[in-house]
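Some notes on the structure that comes next.
The values are calculated or read from the model by the stated rules, or taken from the named source; none is laboratory data. Values in this document were obtained by computation on a predicted structure and should not be read as measured data. Here Cβ is always computed from backbone atoms with ideal geometry, including for glycine, and neighbour counts include all displayed protein chains. All accessible areas refer to the heavy atoms of the entire protein, side chains included, with ligands and DNA or RNA removed. Shrake-Rupley method; radii C 1.70, N 1.55, O 1.52, S 1.80 Å.
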Amino acid sequence: MLTPEQVQTFERDGYLVVPDVVPAEVLARVKAEYSCLMDQLYERWYAEGRVIVDPAGLDFWGKLLEAYKAKCDWFQPMDISLPGDEIAPDTPFHFGPAVFDLLTEPRLLDVAESLLGPELTSNPIQHVRLKPPATKLQSDETRAHITATDWHQDRAVALEEADNTRMVTVWIAVTDATVENGCLQVQAKEHEQEMLPHCPKTQTGIADGFVDEAKAIPLPVKAGGVVLFHPLTPHASLTNQTDAFRWSFDIRYNVTGEPTGRSHFPDFVARSRANPETELHDWRVWKSKWEDARAQLAQRAHIPIHRWTSDAPFCA
């Protein structure tokens, strides 16, 4: 649980860095699970001739980099969500026991409970982030999970249904996040912070003139630590200027029964003090819920996940 002082700081500033939340053994299982997944993806791409470097001499990071250079998409097969664009019956994603254990890690839930109360839903707005070194990026790279992330508020990149939902973003460092490798940066939430206008930029980002980047505060954190965000707190990420990848997850929890901002994606009860029998403890059920959602969404018209258009007054 957070201390009263930490809760007060979060409520005042809209963000909080908390070290040593996720146990090392939980992260180790996540790394092992993703290593197996990368092995499978790379072996297939190598057999197809899409990557030419023999996997025998490559570790997890080497395979990621070779796949990126060959323009093989490892992000969506590794992500823990369906994409925001068109969804097909075979759109890949990753839902495994180690990631499920990460989302339901009791120490993470304790932190979320300190801010939201004892009835917690795992929100489906969730992603893995594996950011390559900026020196290795292709010149036309714009994807937020690969390069720097524009300034934004998390409430603004959810659908309007969740504008009043009590929610917290939990950014989990799997590897150390430093200023050099592209850690998050924040502008402290104002006392009466409102939702700022956003525009389609490199990603969906806050319109020009609404963030004073001179006041940006970098938020380095060691592996196993987390950064917490209020949904109205402006934040972004820096570029990765090192020669190694930076790995994180960003996940969210909201008060059970309130809209998630992605009602077409599945959520689940992660903790309930009042009705513990409603908690989900089987990762296979979690995976099945996403498979069912994919099958249904593949047959429907695309559901946009962003509300902002380029012809809005602040974007023109």
* In order through region 221-228: 3J(HN,Hα) via Karplus (6.51 cos²θ - 1.76 cosθ + 1.60), integer Hz, x for Gly, Pro -> 7, 6, 3, x, x, 9, 10, 9
* **Mean-position separation - Cα centroids, region 1-77 and region 94-114, in angstrom** => 16 Å
* Structure fact -> Of the candidate values [x] 1.22; [y] 0.94; [z] 1.08, the one computed for Rg/Rh (Cα atoms, Kirkwood Rh) from this structure is [y]
* Which ³J(HN,Hα) values in Hz, rounded to whole numbers, follow from the phi angles of region 81-93 under the Karplus curve 6.51 cos²θ - 1.76 cosθ + 1.60, where θ = phi - 60° and Gly and Pro get x? -> 7, 6, x, x, 9, 4, 10, 10, x, 10, 4, x, 7
* Highest-fluctuation residue, Glu194, Glu180, Glu48 considered, GNM on the chain with Cα pairs under 10 Å -> Glu48
* Structure fact -> Length-normalised contact order of region 58-171, Cα under 8 Å, at least 6 apart, in percent, tallies to 22 percent
* **Residue-by-residue Karplus 3J(HN,Hα) for region 117-129, coefficients 6.51, -1.76, 1.60, Hz, glycine and proline x** => x, x, 10, 10, 10, 6, 6, x, 7, 7, 8, 9, 10
* Asked: When the chain is modelled as a GNM with alpha-carbon springs shorter than 10 Å, which of Asp208, Asp101, Asp85 fluctuates the most?
  -> Asp85
* Structure fact -> Any residue on another chain or 5+ positions along whose placed amide H is under 5 Å from the amide H of Tyr253 is listed here as Asn123, Val168, Val170
* How high is the FRET efficiency between Thr135 and Asp110 when r is their beta carbon distance and R₀ equals 51 Å, given to the nearest 0.05? -> 0.85
* How about the chain: what cysteines have no other cysteine beta carbon under 4.7 Å from their own? -> Cys36, Cys72, Cys183
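Taking all protein chains in place and a 1.4 Å probe, what share, in percent, of the accessible surface of the chain do carbon and sulfur account for?
Numbers: 7230 of 14220 Å².
Exposed carbon and sulfur together represent 51 percent of the surface.
Between Asp292 and Leu37, what length comes free when the chain is fully extended (0.36 nm per residue of separation minus the Cα-Cα distance, one decimal in nm)?
Values: separation 255, 0.36 × 255 = 91.80 nm, distance 2.15 nm.
Extra length from Asp292 to Leu37 when fully extended: 89.6 nm.
When the chain is fully extended, how far beyond the present Cα-Cα distance does Trp61 get from Gln299, taking 0.36 nm per residue of separation? Walk me through the numbers on the way to the answer.
On the way: separation 238, 0.36 × 238 = 85.68 nm, distance 3.60 nm.
Full extension from Trp61 to Gln299 adds 82.1 nm.
Could you give the accessible area per residue of region 143-229, probe 1.4 Å, as a whole number in Å²? Could you put the intermediate results ahead of the total?
On the way: 3550 Å² over 87 residues.
Accessible surface, normalised per residue, equals 41 Å².
Between Ala274 and Asp208, how high is the FRET efficiency from 1/(1 + (r/R0)^6) when r is the Cβ-Cβ distance and R₀ = 41 Å? Nearest 0.05. Present the calculation step by step, with values, prior to reporting the outcome.
Numbers: r = 45 Å, r/R0 = 1.11.
Efficiency at R0 = 41 Å is approximately 0.35.
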